């Protein structure tokens, strides 16, 4: 399955070497990175703030994936789960990547 992401008019293939660092950087720039790295709400954040941050991250991620991927992940409202699903769908199944997934 070939996937693409649009970033301000440029098309980039969502491959192991591009999609993850590009999307991570995009989320960091918008201060929306916490929900993709933390499965649960961190201490000190109230529920409403966390839910809003989480849904914003989901919206940004969904905005930059193509339709064929969107059809498979549009049901996700939790950015950590969405991120994990996209990783499993897009990353090449190399021995190194398989080992990383097993360790999780």
Cβ-Cβ below 7 Å, separation at least six or inter-chain, first residue in the stretch 76-91 and farther than 10 Å from residue 36 by Cβ, second outside any helix (DSSP H, G or I): which pairs?
85/76; 90/3; 90/14; 91/16
Looking at residue 82, is it buried (at least 17 other Cβ atoms within 10 Å of the Cβ), modelled with pLDDT of 90 or more and either in a helix (DSSP H, G or I) or out of contact with any helix residue (DSSP H, G or I) (no Cβ under 9 Å at 6 or more places or on another chain) (or both)?
yes
What number of residues within the stretch 58-67 are surrounded by 15 or more Cβ atoms within 10 Å (Cβ to Cβ) and out of contact with any helix residue (DSSP H, G or I) (no Cβ under 8 Å at 6 or more places or on another chain)?
1
Quick one: in the stretch 1-22, of everything that is exposed (fewer than 12 other Cβ atoms within 10 Å of the Cβ) and touching a strand residue (DSSP E or B) at 6+ places or on another chain (Cβ under 9 Å), which residue is modelled with the highest pLDDT?
2
What are the pairs, 6+ residues apart or on separate chains, where a residue within the stretch 40-57 that is in contact (Cβ under 8 Å) with a residue 24 or more places away in the chain has its Cβ under 6 Å from a residue that is outside any helix (DSSP H, G or I)?
56/32; 57/32
Residue in the stretch 23-57 that is surrounded by the fewest Cβ atoms within 10 Å (Cβ to Cβ), counting only those that are touching a helix residue (DSSP H, G or I) at 6+ places or on another chain (Cβ under 7 Å) and within 17 Å of residue 90 (Cα to Cα):
23
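The values are calculated or read from the model by the stated rules, or taken from the named source; none is laboratory data. Note that this is a predicted model, so its numbers are computed, not measured. Ideal geometry is used to build each Cβ from the backbone, glycine not excepted, and the neighbour counts take in all protein chains shown.
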